[in-house]
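Q: Here you go, one structure.
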Ligand SMILES: C[S@@+](CC[C@H](N)C(=O)[O-])C[C@H]1O[C@@H](n2cnc3c(N)ncnc32)[C@H](O)[C@@H]1O
């Protein structure tokens, strides 16, 4: 198979054809407990987890974005079961992050509005790349800063410079819907697109330029598009031909935008 391509295939079969330890970063989102209808799919979670471990390089990362289903007022805890299974096949659970939806669509009459999904960050050993995204601090300049309390119990203050930025925390908030998730209208022919910025932020954080970024259930191709726009190579597949065609169209406009063809 060629890199910088997207294929119509069941991802388990696809990964079986891939070389061992060939992927630097996977950013993906599986179907959530039959929450949506994706043109009829076969979802073999255990084998997906095993194959992801096999194809991930040492120090590589898998970002698994997953929401939860509520059935008869009972939250189905599939995301946690999946995280435990990833750990059992050999991945470290490097972080459990939150994707907060700014304009959340899911109100509940007898509970607080459901505003987030999980972003599990699994790593094969210690992550080999981490480029932390920084955000501006509220205050900058010089200020009297408190030092550690000394043996006499007195608090001392010294003049120190406040840092102008700090590492972002692990709750990431994005607008969703047209203009938030993406401005590619065609992407919304897919029922569950995640925000381009979410994919981009993980790609920047856990990979380097020219690394190979994979999405085994790529849907409308968001991860692949953002990998290309950020100077990474990509590889994608989805079981649905209809979704692969959407991904191909989105990628084609990226190539046009960046004058790569
Ligand atoms: C949540 S969607 C992914 C959406 C994607 N992140 C995006 O931004 O468009 C999950 C996708 O998994 C695909 N899928 C389900 N089972 C699959 C399988 N066994 N192999 C490959 N793709 C599969 C579905 O067709 C669907 O497009």
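Q: Could you pull out the residue among 179, 160, 153, 141 that is without any contact (Cβ under 8 Å) to a residue 60 or more places away in the chain and assigned by TED's automatic domain parsing to the domain that holds residue 243? Talk me through it step by step, then tell me what you get.
A: On the way: 160 fails: assigned by TED's automatic domain parsing to the domain that holds residue 243; 153 fails: assigned by TED's automatic domain parsing to the domain that holds residue 243; 141 fails: assigned by TED's automatic domain parsing to the domain that holds residue 243.
Exactly one of 179, 160, 153, 141 is without any contact (Cβ under 8 Å) to a residue 60 or more places away in the chain and assigned by TED's automatic domain parsing to the domain that holds residue 243, namely 179.
Q: Of all residues in the range 182-209, which are within 27 Å of residue 19 (Cβ to Cβ) and free of Cβ contacts under 8 Å to residues at least 60 places away in the same chain?
A: 200, 209
Q: Follow-up. Looking at (1) assigned to a helix (DSSP H, G or I); (2) away from the ligand (no atom under 12 Å from the Cβ), which is the only condition residue 202 fails?
A: Result: residue 202 passes all but (2).
Q: Kindly list, by first and then second residue, each pair from a residue in the range 210-233 that is under 17 Å from residue 56 (Cβ atoms) to a residue that is part of a helix (DSSP H, G or I) and near the ligand (Cβ under 9 Å from one of its atoms), limited to pairs with Cβ atoms under 7 Å and residues at least 6 apart or on different chains.
A: 213/223; 215/223; 216/11; 216/14; 216/48; 217/11; 218/247; 223/199
Q: Right, something else. Kindly indicate which of 158, 193 is away from the ligand (no atom under 14 Å from the Cβ) and either touching a helix residue (DSSP H, G or I) at 6+ places or on another chain (Cβ under 8 Å) or not in a loop (DSSP other than H, G, I, E, B) (or both).
A: 158
Q: When only residues in the range 29-54 that are closer than 15 Å to residue 66 by Cβ and modelled with pLDDT of 90 or more count, which is nearest to the ligand (Cβ to nearest atom)?
A: 29
The values are calculated or read from the model by the stated rules, or taken from the named source; none is laboratory data. Just so you know, these numbers come straight off a predicted model, no measurement behind them. Positions of Cβ are generated from backbone atoms using ideal geometry, with glycine treated the same way; all protein chains shown enter the neighbour counts.
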